[in-house]
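J.: Before I ask anything, let me first share the structure, which is written out below as structure tokens.
Rule-based calculations on the coordinates, nothing more; no lab input. Note that the coordinates shown come from a computational prediction; the quantities given were computed from them, not determined experimentally. As a convention, Cβ positions derive from the backbone with ideal geometry for all residues, glycine included, and neighbour counts pool all protein chains shown.
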Amino acid sequence: MRLRISRGLAFLFWVAIILFIIITLTFPKWITLFYPQPHRTVVFNAAEQYDVDPYLIFSIIRAESGFQTAARSPVGARGLMQIMPETADWIAKQMGIKQFEITDLHDPQINIEMGCWYLASLNKEFAGRLPMMIAAYNAGSGRVREWALSGKWDGSDQHLDDIPFPETRQYVKNVLQNYEAYQAIYK
């Protein structure tokens, strides 16, 4: 009986060692399954055009739609970056897009370009303050400005728990966590 336990433990030990070696040697490969880069060319091109970090774009897409091009939220946001129709109409006018249809938001190229343009706009509005930019992407820039002016939230990542909307608070934390992971994996 004792011999069987020893052989069983020895077998488990060697299996654990082999698994450890496989995981260690392939670490950068398997972790990418959880942090993929679909539409990589579109993301990188739009991010470069609008001077936005492509890994921030992937982080937002991961949080917003889980990389589902046909995603539609209960409140009507659409596509990979979950852009609201009213916001999309405004962005289209700002970008000079003439024949924009709301259904175009399900086209990855259009959705990602509009999302990158909008993030670049928020980046300027909030002077590069990433947590505020992300919060504004979720809750609207007017609300984020109001929170800052009223002293409800100072816009820092050290005080994310002060964000008044629980959904936005969790969203910002989620996107920042995704962003940190994307940077660690791909940069």
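J.: So how do ASP51, ASP107 line up by other beta-carbon neighbours within 10 Å, fewest first?
T.: Details: ASP51 11, ASP107 16.
By the 10 Å Cβ count, ascending: ASP51, ASP107.
J.: Continuing with this model, one more query. Which whole-number percent gives the relative contact order of region 32-186, counting Cα pairs below 8 Å spaced six or more residues apart?
T.: Over region 32-186, the number comes to 23 percent.
J.: Now a separate question. With a 10 Å Cβ neighbour count serving as the proxy for reagent exposure, in which order, fewest first, do ILE83, ILE102, ILE134 appear?
T.: By the 10 Å Cβ count, ascending, the order reads ILE102, ILE83, ILE134.
J.: From Cα pairs below 8 angstrom and at least 6 apart in sequence, can you work out the relative contact order of region 70-138, rounded to a whole percent?
T.: Relative CO of region 70-138 lands at 24 percent.
J.: Cross-link partners among aspartates and glutamates for LYS152, C-alpha distance below 12 Å, same-chain residues fewer than 8 apart left out?
T.: Correct list for LYS152: ASP161, ASP162.
J.: Now for a separate question. If I stretch the segment between ARG72 and MET95 completely, what's the gain in nm (0.36 nm per residue apart, minus their alpha carbon distance), one decimal?
T.: Stretched fully, the ARG72-MET95 segment lengthens by 6.0 nm.
J.: Related question: Determine the shape class of the chain: with a ≥ b ≥ c the square roots of the Cα gyration tensor eigenvalues, call it rounded for a/c under 1.5, and otherwise prolate if a/b is greater than b/c, oblate otherwise. The partial results should precede the final answer.
T.: On the way: a/c = 2.74, a/b = 1.89, b/c = 1.45.
Prolate shape, in that a/c is at least 1.5 and a/b is the bigger ratio.
J.: Oh, and also: Where does each of HIS106, HIS39, HIS159 land when they are ranked from fewest to most other beta-carbon atoms within 10 angstrom?
T.: Placing the least packed residue first, the sequence is HIS159, HIS106, HIS39.
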